[in-house]
Every structure is written in C-alpha cells, then in structure tokens.
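Q: I'd like to ask you about the structure that follows.
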Amino acid sequence: MNWKKLIPWGICGCLLLSGCGQRLPVQENTNTERHEATTFAMDTIMTFAIYHDDGEELLIDTEQEIRRLEQMLSVTVEDSEINQLNENAGKEPVKLSEDTMALLEAGKELGKETEHCFDIAISPVVKAWGFTEEEKHVPSQEELERLLPLTHLEDLVIDGTDSTAYLQKEGMAVDLGGIAKGYASDSVTALLKGKGVESAMLSLGGNISAIGHKPDGEKWKVAVANPLDDNGYVGLVQVSDCNVVTSGGYQRYFEENGKTYHHIINPATGYPADNGLLSVTILCKSGTKADALSTALFVMGLERAEEYWKNHTDFEAIFITEKGEVIATEGIAESFTLENDDFAYSVVKRG
Ligand code: AMP
Ligand code: MG
C-alpha cells in the first residue's frame, strides 16, 4: 500500500473533522460531546467522530461492525467469504452471508449500469499489475489478453434463492476494493442512526459519510483533495446526510521507465484508465453507490461521465482534470467553494 498517497487524502478528506492541527470549533451551541477514534481496517486508516452521550460505546459498535464486514469481504483475511468464492472459481458455487450477497449484487448491477467501467471481477488484471503485492510492474500484452476474458461480470452467477455465488471460469476472482468501504459506510451509518445518532462523521480511508448536521446545526464541510499536492485541497463542499467519495490515480501508483501507472484499471484495455481525469468525487446518499461510481466515472473520462450524470438524478460529482479544471455538476455547485486559484472552475448543467 502506498501510505504516502493514502494518508493525505485521509487527512484532507476529514480536515475539518479531526483537525490534524487545524481543528475548528465544531461544538458551538451544544453540550453533545464529541467522541472520536482512529483505526486501521480494510487496508486503510479510518476515523470516526460521533456526537452522542453514548459515544464511547457507539465507537466500539462502529469498529466491531467494520471488523465483521472485513472478515467476510477482505481478500487479506485468509478464509473470508470472498476468498472462498475466489478459491472455488470454476469449481462450485459458494454459500454466502446476506451482506456479501448484497454487495456482490450491488457490484454486479453497478457494473451493468456503468457499461462495465466498474468491474468487481477485475481482480486477475489488478493482480497482474502487482497492485496486491509489494512489487508492481507492467504486465505483458499477452498476459493482459489472457486475463481480460476472466473479468466478465456475466460469469459471476448470483443465486439469491440459494444465497450462493459462483465464478464460472477458473482463474476468475472478485476484488471489492472499489466498493467495500462504501458498503461499510452504509452499514455503520444505518447502525448509528438506528441507535439515535443525529450527528457524526465517518472517514473510511477518505470515503466520507456525513451523518446529519454538525452539532451546531451547520452542514459538514468536506475538503476535496488536490490531486497534485499531497497536503492540499482544491475546495470545500458542504453536505449533510451524504457520502463524499473520491477516486484518483494519485492515490496509489508506481513508476516504471519514467511512466506512472495507477491502480484504477479500465476493464476495456486492462491498462490504468488514462483519459485526462485526475480525480472524480461523488456525492450520494448511498455510500456503496458513491464508491462504485467514483471508480466507474474515473474510468469513463470526463465526457462520458458527464453524460452518465445527465442521465441519473441520484448523485452529484466534482471532476478534476489534467488541464487544471475543477468541474462541478449543477446540483452541488451551490454547496461547493473553490479554494485554490491554480484551478479553473466551471459548472456542468443538465439542460
Ligand atoms: P477506488 O479507490 O474506490 O476507486 O477503488 C480502486 C480499487 O478498486 C483498486 O485498488 C482495485 O482494487 C479495484 N479496481 C481497479 N479498477 C477497478 C474497476 N475498473 N472496477 C472496479 N474495481 C476496480
Ligand atoms: Mg470506489
């Protein structure tokens, strides 16, 4: 994992949450206490801030819920359900829990909706690039051509009545790295709301879930990272009851022969998406969808992503391009303020 690239967005994404030396007074006009914890799970740093009298207990519940999901969904947990599914590729269907089934179904559906730009079966290609290993490298064209037929979502057969899933071809494997944190955000958000929490901020490795408003009644402010500056941000977006998720090539990458290769793969080519975007931030009520769409729209590139947004009403987006543009969709434009003069700002409209 590239800590150098991961941590700044973790910090930046929750700049106004955890402070990191810049804590803002977020407790005005309230007696509700802030309870905060940081942990490492799902291969990333997570920070939870909960405003509730039972905050300490709720922090424990939050961490337990994350660990429960991690045990099922992570490929780094040896006998996780996803590893069992992958090990039985080409052999037999595997019985799965409700959560794993729900996430596979959501992943497959979002794969179809995004015309295969989002692909939870991309794992063989991600592995070929070494993104799951210490040593990363550019795979040969032959290897990619051999592996790409193993990434087709039609070959992931999900049987809801039986609670089973089956990868039909040997060598197939599922990788939930592009969606699992979003799903975990949704689970924890539902859990906390069910226990009466009206104000909380979760950061799962930069996947932000803002629950309710800040205790002072204001909206939460979330920083959108500057892909060109580890510690900087391009602007602030004000949200309540919303997930804010960013995907970008700057988050995890390596260099070979002077060229940079990042971790978000275009399933059409097997190569890292390379279409002029530096990052895509999605704002959506559903964390699962926000997570999948940030990855998918990054793969699509600006033009196609804008078109996709125009045809959907359940999310907003902020695109940052290699040309130094920040482009917000009109539904979020009023809540976004650009804070960095190096970028040119514009708004994309439906009409
Ligand atoms: P994210 O940071 O949410 O954009 O997810 C990126 C991670 O998802 C990568 O590290 C891979 O594990 C996986 N991934 C890479 N490319 C894709 C893709 N096209 N669709 C789904 N998951 C992907
Ligand atoms: Mg994602």
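Q: Identify, please: which residue in region 95-105 is aliphatic (A, V, I, L, M) and surrounded by 20 or more Cβ atoms within 10 Å (Cβ to Cβ) and is, among those, farthest from ligand 1 (Cβ to nearest atom)?
A: Filtering first and then ranking leaves 96.
Q: Tell me the helices (runs of 4 or more DSSP H) entirely within region 43-138 that contain at least 2 residues that are over 21 Å from residue 160 (Cβ atoms).
A: In region 43-138, 55-73, 81-87, 123-128 are the helices (runs of 4 or more DSSP H) which contain 2 or more residues that are over 21 Å from residue 160 (Cβ atoms).
Q: Among the acidic types (Asp, Glu), in the same structural domain as residue 236 (by TED's automatic domain parsing) and touching a residue at least 24 places away in the same chain (Cβ under 8 Å) - does that describe any residue in region 327-339?
A: Yes.
Q: Inspect region 243-250 for any residue being free of Cβ contacts under 8 Å to residues at least 60 places away in the same chain and either over 26 Å from residue 153 (Cα atoms) or surrounded by fewer than 23 Cβ atoms within 10 Å (Cβ to Cβ) (or both) and give the result as yes or no.
A: Scanning region 243-250, I find at least one residue that is free of Cβ contacts under 8 Å to residues at least 60 places away in the same chain and either over 26 Å from residue 153 (Cα atoms) or surrounded by fewer than 23 Cβ atoms within 10 Å (Cβ to Cβ) (or both), so the answer is yes.
Q: Go through the residues of region 153-174 one by one and say whether even a single one is more than 16 Å from ligand 2 (Cβ to nearest atom), basic (Lys, Arg) and in a loop (DSSP other than H, G, I, E, B).
A: yes
Q: Here is a further query. Within the set of pairs 6+ apart or on separate chains, which have a first residue in region 269-282 that is over 17 Å from residue 328 (Cβ atoms), a second that is outside any loop (DSSP other than H, G, I, E, B) and small (Gly, Ala, Ser), and C-beta atoms under 9 Å apart?
A: Correct list of pairs: 270/128; 272/249; 273/249; 274/249.
Yes/no per residue for (1) within 11 Å of ligand 1 (Cβ to nearest atom); (2) at pLDDT 95 or above:
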position: 262; (1), (2): yes, no
position: 265; (1), (2): yes, yes
position: 268; (1), (2): yes, yes
position: 278; (1), (2): no, yes
position: 291; (1), (2): yes, yes
position: 297; (1), (2): yes, yes
position: 306; (1), (2): no, yes
position: 312; (1), (2): no, yes
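Q: Would you check if there is a residue in region 189-196 being in contact with a strand residue (DSSP E or B) (Cβ under 6 Å, 6 or more places away or on another chain), touching a residue at least 60 places away in the same chain (Cβ under 8 Å) and within 19 Å of residue 244 (Cα to Cα)?
A: Yes, region 189-196 has at least one match.
Q: Kindly indicate which of 113, 145, 109 is within 28 Å of residue 262 (Cβ to Cβ), surrounded by fewer than 16 Cβ atoms within 10 Å (Cβ to Cβ) and within 15 Å of ligand 1 (Cβ to nearest atom).
A: Of 113, 145, 109, the one residue that is within 28 Å of residue 262 (Cβ to Cβ), surrounded by fewer than 16 Cβ atoms within 10 Å (Cβ to Cβ) and within 15 Å of ligand 1 (Cβ to nearest atom) is 109.
The values are calculated or read from the model by the stated rules, or taken from the named source; none is laboratory data. The shown structure was predicted, so the numbers you read here are calculated from the model rather than taken from an experiment. Positions of Cβ are generated from backbone atoms using ideal geometry, with glycine treated the same way; all protein chains shown enter the neighbour counts.
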